[in-house]
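Report on one structure; see the data block that follows.
Please treat every number below as a calculation from the coordinates, not as lab data. Model, not experiment: these values are computed from the prediction. Every residue, glycine among them, receives a Cβ derived from its backbone with ideal geometry; neighbour counts consider all protein chains shown.
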Amino acid sequence: MQYKSQSVAKLYFIAAIGLFVAQILFGLVMGLQYVMGDFLFPHIPFNVARMVHTNALIVWLLMGFMGAAYYLVPEESETELFSPKLAVLMFWIFLVAAALTVVGYLLVPYAGLAKLTGNDLLPTMGREFLEQPLPTKLGIVVVALVFLFNITMTVLKGRKTSISIVLLLGLWGLAIFFLFSFYNPDNVVKDKFYWWWVVHLWVEGVWELILGAILAFVLIKVTGVDREVIEKWLYVIVTLTLITGIIGTGHHYYWIGTPEYWQWWGSIFSALEPIPFFAMTLFAFNMVNRRRREHPNKAATLWALGTGVMSFLGAGVWGFLHTLAPVNFYTHGTQITAAHGHMAFYGAYVMVVLTMISYAMPILRGRAANSNKAQVMEMWAFWLMTVAIVFITLFLTAAGILQVWLQRIAATPMSFMDTQDKVALFYWMREWAGVVFLIGLLVYIWSFFCKGEDKTAA
Amino acid sequence: MNMNARRLDFIFAVLLIGTALTWWMGETGHAGPAAVLGILAIAAVKGTLIIRDFMALRGINVFWPTMVIGWLLLVLGIIMGGYWKGL
Amino acid sequence: MNSPAIADIKVHHPPGDLAIWVFILAELLAFGVFFTTYVVTRMHNVALFDEMQLTLDRNAGALNTVFLIAGSWCVARSVAAIKLDHRAASARWLLWGILAGGGFLVVKLFEYSAKFEAGINLATNTFYMFYLSLTFFHFMHVILGMVILLAVWLKAHRGGYSAADHHGLETGASYWHMVDLVWIILFPLVYVMR
């Protein structure tokens, strides 16, 4: 570790992994409720499990991004963090707010929670992924602004690199687009229209910049390839991402009451969205092939390559599958979407955060890389989780295709619930794949506690 | 003036003539399969000249001219197919 | 001792930076998808497309083609000049190229304003949806190309490129030619062919 203040990243990484576990546990609960509808009812109803599953994901990824930024920015800027104390304080505020929110979800019925937290003052609740009560949302804004202030000041006082600038651009975009979660027009079309400005422009816009910056940083470190080369790729990827991603928002506007041209714009531009992901895959492999050093941390390199491949498959290929308007006419809101969501989130954002953790955590703990034994265990975790997510995706895709057929294409379409019964077998298989994923996650956590000979000291 | 510049000037002249031809075919209301073929042929010539001489892919590793000229011919081919089927 | 290696690189890589070529291929793919969609949609709406095409300003389209090929030619001459180390001439050619791009933008803006005054917008019909989207997407590329050329010109103007080192100039030039190349298809496709 070059700068003392980088150590605040550790807190964020640990909390992120903790929330990751919670996310997976609730995912398993929910997966089971797909086939055993009354499982844990009335204590954890499906809608609550789903809320915790998705919100925990978002929060732990945000924690991961923040940790990554706190680690990355001092090193890129060649200076200590502007205020490490502020970073620690914000961590606790964020963690407590997240914990209180989850407790609120679990203990109070959602409508009661809304009343309790002043949703009538400024209605913001009830929208998918943005279910957080008003105080939590305000807390997120405060934490994000203080975080951005801290990071931006650090960059301003130190060296300015392309990586830190792209990262800042992504993080500022993240904060700015979140503000649309406070805008709830009464008009349902407008409501959906701007809702996507948060949801879509996050995951298919600014988050990709964060992803690119983190990946570029780790690749510079583990491959030793010239910064110039890596930065050039980063610019190409960022430009392609923004052009395709921003107009690609149109693929959410097909059936919500917006003008027809969105079907064309959305189809064409989102059909091109795999390109930046493909460029990212090429980029990762190219850099590793041209490496100038053999970094002792093999696990981090594996995660970086995995991000390249899985983000292309999950976000690129599985996104493309149902992005064209004529296809989406039949597939929207089916398990095909769920299949895409699982692989894309894992392949792009989960993996890039784990790449960063894999690279930074050993250094934060005082060594260049973990022992061979720990790395082997971490790679086992990599394969278990990755293969499990591939199977989850395949089973959900199968369920989705069958669902589309039975419910929407067949001569005598079945009702939603009857269709769900027909695809139950795939839900069972998905659940078992989920169990394998959990095992992989436990192996991953175990690898942090695995003792063994350190190959090198930092 | 050197040879290279003279060549570029010559190509510019050819491109202008090609553009004038295309415009003239539009003005005189040329339509139908033969006109489409003619216009696309002009576009193919113009595009190839731009790729080989302006973009300077002449004499480069065969991969690059193949990709770009291949793209040009593919797109023109698709257009021709679509027009012939639609006409 | 390096000369064979340099010759080797020259033969293997296109002029300018490899990254810009990856970008150019991605752009070409994007426009390829756009053109294909146009053609397929036209197949199902031949009468509408043929009728609406006649309402376009073909003269403006042709004039703009001239602007773009002239711009492309100027920039090619700029690269040719720098290879002989004629720095001032190279910068001057570059400026002419940028001006040609400016001419394109002006003509296009007149064309757009005429259409908007006639009350045409994206929702008018499928043909106009394509006309506006395609040309506007290309319009943005002309602007981007001009911004790149302007950055290159600023350096060229200061004598920053030479016969030995004009990598950046070639990078900008390659992108600019791509913008021209795309229009070479777009003009006949949207304005002329029927």
- For region A:370-418, what size does the Cα cloud have along each of its three principal axes, sorted from largest down, in whole Å? 60, 15, 9
- Item | Per-residue average of Cβ from other chains inside 10 Å of C:20-27 | 6
- Query: B:Leu37 to C:Arg58: FRET efficiency via 1/(1 + (r/R0)^6), r the Cβ-Cβ distance, R0 22 Å, to the nearest 0.05?
  - Reply: 0.65
- Task: Do me a favour and compute the ellipsoid semi-axes for region A:129-177 from its Cα gyration tensor, root of five times each eigenvalue, largest one first, whole Å.
- Result: 26, 12, 5
- A:Arg367's amide H: which non-local residues (gap 5+, or another chain) put their own amide H closer than 5 Å, with H modeled 1.01 Å from N in plane and none for Pro or chain starts? A:Ala458
- In whole angstrom, how far apart do the alpha carbon centroids of region A:394-458 and region A:109-162 sit? 30 Å
- Message: Given R₀ = 25 Å, what would the calculated FRET efficiency be for C:Asp165 paired with B:Asn61, taking r from the Cβ atoms and rounding to 0.05?
- Response: 0.70
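Determine the relative contact order of chain C: mean sequence separation of Cα pairs under 8 Å and six or more apart, normalised by residue count, in whole percent.
Averaging sequence separation for qualifying contacts and normalising by length gives 35 percent for chain C.
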- Message: Which log10 I(q)/I(0) values does region A:1-160 give at q = 0.14, 0.16, 0.20 Å⁻¹ under the Debye formula, counting every alpha carbon as one identical point scatterer?
- Response: -0.74, -0.89, -1.17
- Item | Taking the convex hull of Cα positions in region A:138-212, its mean projected area over all directions (nm²) | 5.2 nm²
- Note on the structure: Taking a crude spin-label model, label points 7 Å out from Cα along the C-beta direction, the C:Arg158 to A:Arg159 distance in nm is 2.2 nm
- Message: I'd like to know which of B:Ile51, B:Gly81, B:Ile39 lies farthest towards the positive end of the charge dipole of region B:3-86, counting +1 on Cβ of Lys and Arg and -1 on Cβ of Asp and Glu.
- Response: B:Ile51
- For residues of B:43-53, the mean tally of beta carbons on other chains within 10 Å: 4
- Query: Using 7 Å Cα-to-Cβ label points, what is the A:Leu106/A:Asn119 separation (nm, one decimal)?
  - Reply: 2.0 nm
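What FRET efficiency comes out for A:Thr152 versus A:Asp186 if R0 is 30 angstrom and r is the Cβ-Cβ distance? Round to the nearest 0.05. Numbers along the way, then the final one.
Values: r = 36 Å, r/R0 = 1.20.
Rounded to the nearest 0.05, the efficiency is 0.25.
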- Query: Taking a ≥ b ≥ c as the square roots of the eigenvalues of the Cα gyration tensor of region B:3-86, is the shape rounded (a/c under 1.5), prolate (a/b larger than b/c) or oblate?
  - Reply: oblate
- Neighbouring partner chain Cβ atoms per residue of B:68-80, average, 10 Å criterion: 4
- Query: For chain C, what is the charge dipole size about the Cα centre, in debye to the nearest 20, if Lys and Arg each add +1 at the Cβ and Asp and Glu each add -1 at the Cβ?
  - Reply: 340 debye
- Item | Value at 222 nm in deg cm²/dmol, rounded to 500, when DSSP H runs of n ≥ 4 in the protein assembly as shown each add -39,500 (n - 2.57) | -25500 deg cm²/dmol
- Note on the structure: Relative to the compact-globule estimate 2.2 N^0.38 Å (N residues), the Cα gyration radius of region A:214-449 stands at a ratio of 1.14
- Message: Highest mean first, how do B:72-83, C:45-56, A:277-288 rank when packing is the count of other Cβ atoms within 10 Å averaged over residues?
- Response: A:277-288, B:72-83, C:45-56
- Convex hull over the Cα atoms of region C:3-192, averaged projected area in nm²? 11.3 nm²
- Normalised by the number of residues in chain B, what is the relative contact order in percent for Cα pairs under 8 Å and 6+ residues apart? 32 percent
- Message: Between region B:1-68 and region A:169-203, how far is it from one alpha carbon centroid to the other, in angstrom?
- Response: 46 Å
- Give the order of A:Leu179, A:Leu364 when sorted by the count of other beta carbons within 10 angstrom, beginning with the fewest. A:Leu179, A:Leu364
- region A:243-345: radius of gyration over Cα atoms, expressed as a fraction of 2.2 N^0.38 Å: 1.29
- Query: How far is it, in nm, from the label point at A:Trp405 to the one at C:Met140 when both lie 7 Å from their Cα along the line to the Cβ?
  - Reply: 3.9 nm
- When the chain is fully extended, how far beyond the present Cα-Cα distance does A:Trp432 get from A:Leu86, taking 0.36 nm per residue of separation? 120.3 nm
- Here the alpha-carbon Rg of the protein assembly as shown over 2.2 N^0.38 Å rounds to 1.04
